[in-house]
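Below is the structure I would like to discuss, written out as structure tokens.
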Amino acid sequence: MIVGTAGHIDHGKSALVTALTGHPVDRLVEERRRGITIDLNFAPLDLGEGIFGGVVDVPGHEDFVRTMVAGASGFDLALLVVAADEGVMPQTEEHLAILEQLAIPLGVPVVTKADLVEPDWLELVVAELAERLRRSPVQFDPPVVVSAVTGQGLDDLRARLRAHAARLAPRSRVDAFRLPVDRAFSVAGVGTVVTGTAWSGSIAVGDPVRLLPGDLEGRVRSIETHGRAVERAEPGSRTALGIAGIERAQVRRGHVVVAPDVPWSATGALDVEIALLPTAPRPLVGRTRARLHLGTAEVMVRVQPRAPIPPGGRGLARLRLETPVVARGGDRFVLRSWSPMTTIGGGRILDPLPPARRATWPDDLAAPEPARRLRALVERRPFGIDAAAAPILSGAAVGAGLDQPLPDGAVCTVGTRLVAVAILERATDAAVRLVDEFHRRHAAERGMPLETLRRALRVPEWVAEAAIERAVRSRALTLDGGIARLAGFTPRVEGGEPEVQRLIQILQTAGLMPPSVAELERETGRRDVAATLRLAAGRGLVEAVERDRYYAIEALHRFAETVREIGRAGEIQPAAVRERLGISRKYLIPLLEWADARGITVRAGETRRLGRAAH
Ligand SMILES: Nc1nc2c(ncn2[C@@H]2O[C@H](COP(=O)(O)OP(=O)(O)OP(=O)(O)O)[C@@H](O)[C@H]2O)c(=O)[nH]1
Ligand SMILES: [Mg+2]
């Protein structure tokens, strides 16, 4: 369990942490000199009865709210510390708003410095604080009264923390590993060390890791959690990773360590749901510049709300990031105004890698159930998502089964992709329509070449493939030797059978010196000669010896017979064939090659002999 502090400057957060853990904090020289906390402090927490946790102590000074947010992102439980002599102050309110925006589940209000005030006053402060927190979305206990000086109330507080820790649901180890970095330093003998709270998943010594953004690769050399060396980092614990392969200078707060088995990537835009605080100075309108705090990262963004969001209101927006971050669907964030630097709201990430242009915003994008969110995420992309990215996009745990299509049938799997069925349906309809159009334009053709159809669909190859397959399965299309046709289609020649016969007649008359397709087109004035002859060839009436020259089948029989006669007497000399049939070389050579291909003749140097098919 990660316990964190929150509260106004000087209200006694660090003194409370020291009293609880016995661990000194505020160890920077400047912190000592100024008597305030500047950076995050971490201390192991031994609650007794074998229950251990970690404490993150944050600064209360208004200049360091960004540091507070970086620390608070990993809290399981917040100690909202209020000094009895001052009561609720501006950063008490601001820190509370941050805890609420980050959806920290649990809180214990702590009224400290009880030794400094009269009992009546104390009662008043406690009552006011309890009232203030009554409607908070963070589930707050009734306030605990303590003093770090006298030790009053500390046992009570420890008992509360123990009870909460025992009830806390353990996080799944199976999920994708992610650790937002809050500190990086180097240690002699270990090398680069990064620390943070492991948000999800687990990692072991020896495992490969990636550092994002920037995508550096390294390997875990050592792991420490709550001050002890371990073999494996557990989700939800304070973790220090010694990493080989990454230089100290390459890492800083805001970077994220992930495991390479899940396709994490940095993003330059986020689609989000924003809640603007009632105290925000002005509405959020197009292109408002703001600071986004996500995990331990702080980056400048331009907010593009779908509609202006008034103070106290909610709305959807796209954030354009000036520096990339690593995000996951469902992540909570805080928004602070650019100037003055105050917390204005926060929200939840709906799509961490939004499609570039003209994205739709289905209602389910903000649904509470990950399954519905995933469907919306798939549907808003023109060609779906890679199933491996589903846990990142939707925020559902790896292994939650959401990399499979949902039972409602709106999404299906094609290879490794999840895609909206509607997209495949559209492509399938388009395929059928294209083939239909092809038939209208080329009635004499058997159908549309498959390759032409695939290209004409103008979708990724895997979508075209799946769409054509669907059309075939539903019996709308038939595939036949690389040709697609509508089921039930039969090629038709304009003018009908007499026109087919007329062409065949011409070829028969021409014998072994037939006109080419182009010559036939000129002779007959038709543009569908090639298609008509392909049809006639399908019926065995003619045959293409060259790509653009067809012969009547009777002429080819006569040629084969002549070759056989010559061959039976000995070698087949081309000149002898030419003399016998009275044809020029232009026709003879392709005809001999045709006979070779048929096995009627076999080539032997310049001459030929009869092949196996000749007998
Ligand atoms: N009398 C009394 N003094 C306290 C108590 N707790 C803290 N103090 C004093 O209050 C001052 C501020 O305490 P810190 O613990 O540094 O306050 P903080 O909330 O951590 O301050 P920041 O981190 O700078 O926001 C110090 O001088 C402490 O000695 C307490 O319970 N009783
Ligand atoms: Mg402090």
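The values are calculated or read from the model by the stated rules, or taken from the named source; none is laboratory data. Remember, it's a predicted structure, so these values are computed and weren't measured experimentally. For neighbour counting, all protein chains shown are included, and Cβ atoms are generated from backbone atoms with ideal geometry for every residue, glycine included. Side chains are part of the model used for accessible areas, which takes the heavy atoms of the whole protein and leaves out ligands, DNA and RNA. Shrake-Rupley method; radii C 1.70, N 1.55, O 1.52, S 1.80 Å.
Measure out, as a whole number of angstrom, how far apart the alpha-carbon centroids of the stretch 550-568 and the stretch 257-324 sit.
Using only Cα atoms, the two centres lie 80 Å from each other.
Counting pairwise Cα distances across the stretch 1-151, what percent come out greater than 23 angstrom?
Percentage above 23 Å: 30.
If you wrap a convex hull around the C-alpha atoms of the stretch 451-506 and split its volume per residue, what is the figure in Å³?
With only Cα atoms used, the stretch 451-506 gives 108 Å³ per residue.
Just for the Cα atoms in the stretch 474-525, what are the lengths along the principal axes, largest first, rounded to whole Å?
Reported extents, whole Å, longest axis first: 46, 23, 18.
How large are Rg and Dmax for the stretch 456-608 when only the alpha carbon atoms are used, in Å?
20.1, 61
Applying the Karplus parametrisation 6.51 cos²θ - 1.76 cosθ + 1.60 with θ = phi - 60° to the phi angles of the stretch 44-57, what ³J(HN,Hα) value in whole Hz is obtained for each residue in order, glycine and proline being reported as x?
With the stated coefficients, the stretch 44-57 comes to x, 10, 9, 8, x, 6, x, 9, 10, x, x, 10, 10, 9 Hz.
While we're here: Could you provide, to the nearest whole Å², the per residue accessible area of the stretch 287-383 with probe 1.4 Å?
About 42 Å² of surface per residue is accessible.
Can you send over the carbon and sulfur percentage of the accessible area for the chain, probe radius 1.4 Å, protein chains only?
Whole-percent figure for carbon plus sulfur exposure: 51.
Sticking with this one: Determine the gain in length on full extension of the stretch Arg598-Arg221; use 0.36 nm per residue of separation and subtract their C-alpha separation, reporting nm with one decimal.
Length gained, Arg598 through Arg221: 128.8 nm.
Which of rounded, prolate or oblate describes the stretch 149-199 when judged by the alpha-carbon gyration tensor and an a/c cut-off of 1.5?
Note, shape of the stretch 149-199 comes out oblate.
Can you give the direction-averaged projected area of the convex hull of the alpha-carbon atoms in the stretch 171-238, in nm²?
In nm², the orientation-averaged hull projection of the stretch 171-238 is 4.5.
Spelling out what I want: for every residue of the stretch 62-78, take phi, set θ = phi - 60°, compute 6.51 cos²θ - 1.76 cosθ + 1.60 (Karplus), and round to whole Hz; glycine and proline get x.
5, 6, 10, 4, 4, 5, 4, 5, 4, x, 6, 4, x, 5, 8, 8, 10
Taking R0 as 41 Å, what FRET efficiency do you get between Ala249 and Leu124 from their Cβ-Cβ distance, rounded to the nearest 0.05?
Efficiency for this residue pair is about 0.20.
Can you give the FRET efficiency for Trp338 and Arg34, using 1/(1 + (r/R0)^6), R0 = 22 Å, r = Cβ-Cβ distance, to the nearest 0.05?
The value I calculate is 0.25.
Once the other residues with Cβ under 11 Å from the Cβ of Ser339 are scored (Lys, Arg +1; Asp, Glu -1), what is the net sum?
+3
Above 16 angstrom, tally the Cα pairs of the stretch 507-570 and express them as a % of all pairs, no decimals.
47
Checking the a/c ratio against 1.5 first, then a/b against b/c, what shape does the Cα gyration tensor give for the chain?
prolate
Can you compute the FRET efficiency between Arg167 and Thr452 using 1/(1 + (r/R0)^6), with r the Cβ-Cβ distance and R0 = 60 Å? Round to the nearest 0.05.
Plugging the Cβ-Cβ distance into 1/(1 + (r/R0)^6) gives 0.40.
Treating the Cα atoms of the stretch 270-407 as identical point scatterers in vacuum, please give the log10 of the normalised Debye intensity I(q)/I(0) at q = 0.13, 0.17, 0.19, 0.21 Å⁻¹, two decimals.
-0.53, -0.88, -1.05, -1.23
Please list, by residue number, every one of the trypsin sites (Lys or Arg not before Pro) in the stretch 126-234 that is coil in DSSP and has at most 12 other beta-carbon atoms within 10 Å.
Qualifying residues, ordered by number: Arg134, Arg135.
Cα convex hull of the stretch 129-178: mean projected area in nm², to one decimal?
5.7
Let me ask something additional. In 5 Å bins starting at zero, report the fraction of Cα pairs in the stretch 82-226 per bin as a rounded %.
2, 8, 13, 15, 13, 12, 11, 10, 9, 5, 2, 0
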